[in-house]
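The block underneath contains the structure these notes are about, expressed in structure tokens.
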Amino acid sequence: MPTHRHGLAAATALTLAFGLTATAANAAGIFTLKSTTFADGKIMPKKVANNNPSNPNCVGDNISPELSWSNVPDGTKSLVLLMSDPEGRAPSGVSHWVAYGIPPSVTGFAEGETSKDSENYVGGKSTMGVGHYSGPCTPPNASAHHYTFILIATDFDPKELPPGLTREDVIAKFGPPPAHLKGSTGLVGLFVNPWHE
């Protein structure tokens, strides 16, 4: 009987250990977008705001945030990255950045890298009419806006979509769900003007 109890205890311990390992492996395998420039759901630094001299609401240096991702889903051929401000120019929102054709071998962008065009992505067309990052220009004396970064894993070939597509154009290319979608993840940065933490 003691042997049986010992065997049962060992089996239970093994099952628990396997369960915990499997849980840790599953957690480690989640498709994730993160940034060292700002924490998810927190105020972004002033430097990431746009610097358009013709708009007094643009109070920053237009330095794009560092972005990195991990555990890209199996079968992904390219990634799409969309940045928008749903509160800006309500009810339609403002599209700040449209990037696609990002090869799955690319695992992120350094701070400042996407403030200009890059060979690591195909530039679409933001509300501002450019294909690279355009930072916040939040109106003053308003609550913080939620700048939403959405990273989408797709089965589009990296060169399949032509340059210059708007956010709406890119979304239309997907067709009815779940067409071309392998997974998605996101990150939200807040910005308020005048800027304060």
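Regarding GLY101, is this residue part of a loop (DSSP other than H, G, I, E, B) and buried (at least 20 other Cβ atoms within 10 Å of the Cβ)? In short, no.
Of these, THR185, THR127, THR154, which one is farther than 29 Å from LYS46 by Cβ and crowded, with 18+ Cβ neighbours inside 10 Å? Result: THR154 is the single residue among THR185, THR127, THR154 that is farther than 29 Å from LYS46 by Cβ and crowded, with 18+ Cβ neighbours inside 10 Å.
Taken together, the residues in the range 48-81 that are under 17 Å from the mean Cα position of the chain (by Cα), open to solvent by 10 Å² or more (accessible area, probe 1.4 Å) and under 20 Å from CYS137 (Cα atoms) amount to 2. Filtering the range 110-127 to residues that are assigned to a loop (DSSP other than H, G, I, E, B) and either touching a Leu at 6+ places or on another chain (Cβ under 7 Å) or not acidic (Asp, Glu) (or both) leaves ALA110, GLY112, LYS116, SER118, ASN120, TYR121, GLY124, LYS125, SER126, THR127. Cβ-Cβ contacts under 8 Å between residues 6 or more apart (or on different chains), taken from a first residue in the range 110-124 that is closer than 17 Å to THR37 by Cβ to a second residue that is open to solvent by less than 60 Å² (accessible area, probe 1.4 Å) and small (Gly, Ala, Ser), are listed as GLU111/SER64; GLY112/SER64; GLU113/SER64; THR114/SER64; THR114/ALA99; SER115/SER64. What about GLU160, is it assigned to a loop (DSSP other than H, G, I, E, B), modelled with pLDDT under 95 and either surrounded by fewer than 17 Cβ atoms within 10 Å (Cβ to Cβ) or touching a helix residue (DSSP H, G or I) at 6+ places or on another chain (Cβ under 6 Å) (or both)? It is false that GLU160 is assigned to a loop (DSSP other than H, G, I, E, B), modelled with pLDDT under 95 and either surrounded by fewer than 17 Cβ atoms within 10 Å (Cβ to Cβ) or touching a helix residue (DSSP H, G or I) at 6+ places or on another chain (Cβ under 6 Å) (or both).
Regarding the range 37-44, can at least one residue be identified that is in contact with a His (Cβ under 9 Å, 6 or more places away or on another chain), at pLDDT 95 or above and not basic (Lys, Arg)? Yes - at least one qualifying residue is present in the range 37-44.
The values are calculated or read from the model by the stated rules, or taken from the named source; none is laboratory data. Small disclaimer: the values here were computed from a predicted structure and weren't measured. Note: ideal-geometry Cβ built from the backbone for every residue, glycine included; neighbour counts use all protein chains shown. Heavy atoms of the whole protein, side chains included, go into the accessibility calculation; ligands, DNA and RNA do not. Shrake-Rupley method; radii C 1.70, N 1.55, O 1.52, S 1.80 Å.
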